[in-house]
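The values are calculated or read from the model by the stated rules, or taken from the named source; none is laboratory data. The structure displayed is predicted, hence computed values, not measured ones. So basically every Cβ, Gly included, is an ideal-geometry build from the backbone, and we count neighbours across all protein chains shown. We work out accessible area using only protein heavy atoms, side chains counted, and drop any ligands, DNA or RNA first. Shrake-Rupley method; radii C 1.70, N 1.55, O 1.52, S 1.80 Å.
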Amino acid sequence: MIAQNIESLRARIGETCRRVGRNPEDVLLVAVSKTFEARKIAEAVAAGQFDFGENYVQELNAKRAQVSDPRIRWHFIGHLQTNKVKYIADFVHLIHSVDNLRVAEEIQKRAGQAGRVVDVLIEVHTTDEETKSGVRPGGVGELVRSMAGLDRVRVRGLMTMGPFSENPEDSRASFRQLAELAQAVDREGMEHASMRELSMGMSHDFEVALEEGATILRIGTAIFGERKKNE
Ligand SMILES: *Cc1c(COP(=O)(O)O)cnc(C)c1O
C-alpha cells in the first residue's frame, strides 16, 4: 500500500514537473510520518523513500531508535522549542521551521558541540490564520541578516504552509509570496544564506506548489493514509 502510494505520488510529481518544464530531480519528497508507527516508516524505506519529516522532537527520537537505517535523513518540520534543539542537533538533516533568532542561536551552540553545521529553512507565516508559527514576510530579511554570525547554521531557503482549505488553489498566493520573498532576499547577496530551497506543498496542494517553484514537498496523508488525530 505505502509502496504503491509512493510510486503514484512520484508519477504525479513527474507529470506536474514535465507540464511546467521542471526537472523532477530538482524536487525532494519528504514523507511526513508524524503519528504513524515506525513500521510504516520501515515500509516506506523498503520502497526507496529515505527522507522523513516529523513535528515533535520526542516522537522523532523514539522512531529513530526503532528504524535506524543509515540511509534515512530526518527532517524537523514542526514548531521547534529552543530547549528541544539539543535532542536533534547532532543528527537532523534539515530543520524547516526556524522562525526566531533565539532558536537559531541555540542551533549554533548545539551544532558546535556536535562538531557539525546544521542546514535550516526559515518558516514564513504567509496566511492570515492565527495559529500558525513562522516569521511574518516583512521580518524574513531582518531575521536572515541577524543570523550572519552563526557559522554553524546554514540557511538554505524558506518554508511555508498554505491556508487550511481543501481547495489547492487557495494555497497559490502563499506559495507565490514565498517564492518572491526568496528572490528578494537572494538579491541582497548574503554569503551565509542561500535561497535555493522552497519547502511548500502538502498532500492536497503539492501540484500548485510545484507550479510555483517548490523544491521540497512535505507529504503525509497521500503516502501513509489519514491520520487518526487531528494534526
Ligand atoms: C502534517 C504536515 C504536513 C503533511 O500534511 P499532509 O496533508 O498529511 O500531506 C506537512 N507539513 C507540515 C508542517 C505538517 O505538519
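Working carefully through the options Gly115, Gly157, Gly78, find the one that is touching a residue at least 12 places away in the same chain (Cβ under 8 Å) and on the phi > 0 side of the Ramachandran plot. Full working, then the answer.
Numbers: Gly115 fails: touching a residue at least 12 places away in the same chain (Cβ under 8 Å); Gly78 fails: on the phi > 0 side of the Ramachandran plot.
When all the criteria are applied, what remains is Gly157.
Considering only residues in the stretch 189-213 that are small (Gly, Ala, Ser) and more than 12 Å from the ligand (Cβ to nearest atom), the one that is farthest from Leu178 (Cα to Cα) turns out to be Gly189.
Can you work out which of the residues in the stretch 217-229 that are in a helix (DSSP H, G or I) and surrounded by fewer than 22 Cβ atoms within 10 Å (Cβ to Cβ) is farthest from the ligand (Cβ to nearest atom)?
Our first condition is that a residue be in a helix (DSSP H, G or I); within the stretch 217-229, this holds for 221-224.
So of that shortlist, the ones also surrounded by fewer than 22 Cβ atoms within 10 Å (Cβ to Cβ) come out as 221-222.
Details: Thr221: 4, Ala222: 6 Å.
Among those residues, the one meeting the criterion is Ala222.
Identify, from the list Ala214, Ala209, Ala179, Ala148, the residue that is in contact with a Gly (Cβ under 7 Å, 6 or more places away or on another chain), on the phi < 0 side of the Ramachandran plot and in a loop (DSSP other than H, G, I, E, B).
So the residue among Ala214, Ala209, Ala179, Ala148 that is in contact with a Gly (Cβ under 7 Å, 6 or more places away or on another chain), on the phi < 0 side of the Ramachandran plot and in a loop (DSSP other than H, G, I, E, B) is Ala214.
Selection of the stretch 11-32 for residues being in a helix (DSSP H, G or I) and farther than 16 Å from Thr221 by Cβ yields Ala11, Gly14, Glu15, Thr16, Cys17, Arg18, Arg19, Pro24, Glu25, Asp26. If I filter the stretch 41-65 down to residues being assigned to a helix (DSSP H, G or I), within 16 Å of the ligand (Cβ to nearest atom) and not small (Gly, Ala, Ser), which single residue comes out as surrounded by the most Cβ atoms within 10 Å (Cβ to Cβ)? Among residues in the stretch 41-65 that are assigned to a helix (DSSP H, G or I), within 16 Å of the ligand (Cβ to nearest atom) and not small (Gly, Ala, Ser), the one surrounded by the most Cβ atoms within 10 Å (Cβ to Cβ) is Leu60.
Could you check the stretch 197-209 and list, in sequence order, the residues that are under 14 Å from the mean Cα position of the chain (by Cα) and open to solvent by less than 10 Å² (accessible area, probe 1.4 Å)? Talk me through it step by step, then tell me what you get.
Going through the stretch 197-209, the residues under 14 Å from the mean Cα position of the chain (by Cα) turn out to be 197-203, 206, 209.
Within the stretch 197-209, Ser199, Met200, Gly201, Phe206, Ala209 meet the criteria.
Name the residues in the stretch 145-173 that are within 16 Å of the ligand (Cβ to nearest atom) and surrounded by 18 or more Cβ atoms within 10 Å (Cβ to Cβ), would you? Within the stretch 145-173, Gly157, Leu158, Met159, Thr160, Met161, Gly162, Pro168, Ser171 qualify.
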